[in-house]
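Okay, structure first, notes after.
The values are calculated or read from the model by the stated rules, or taken from the named source; none is laboratory data. All of these numbers come straight from a predicted model, not from anything done at the bench. Don't worry about glycine lacking a Cβ; one is built from the backbone with ideal geometry, like all the others, and counts go over all protein chains shown. The area values use the complete protein model at the heavy-atom level, side chains included, leaving out ligands, DNA and RNA. Shrake-Rupley method; radii C 1.70, N 1.55, O 1.52, S 1.80 Å.
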Amino acid sequence: MFNQIEHVGFVGLGAMGSGIARRIMDAGHPVIGWNRTRSKAQDLLDDGMGWADTPREVAEQCDVV
């Protein structure tokens, strides 16, 4: 399924969400994320995750959220 997805969106990058987003990124898929507190997603951002300013922006930029 992921082979045809261009961008994966993730809304909510807490303990569980950030772990899942990390695994998707590690598998080589581009991820765009949003979290209420951007600084809590900084490790993912440093490793190449894209950022959206709102959950709506995540949905607009991604094939699956």
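A 1.4 Å probe run over the stretch 2-65, with the rest of the protein chains in place, finds 65 Å² accessible per residue. Note on HIS7/ASP46: beta-carbon distance plugged into 1/(1 + (r/R0)^6) with R0 of 25 Å gives a FRET efficiency of 0.85. Just the protein heavy atoms count here, and of the accessible area of the chain at 1.4 Å, carbon and sulfur take up 47 percent.
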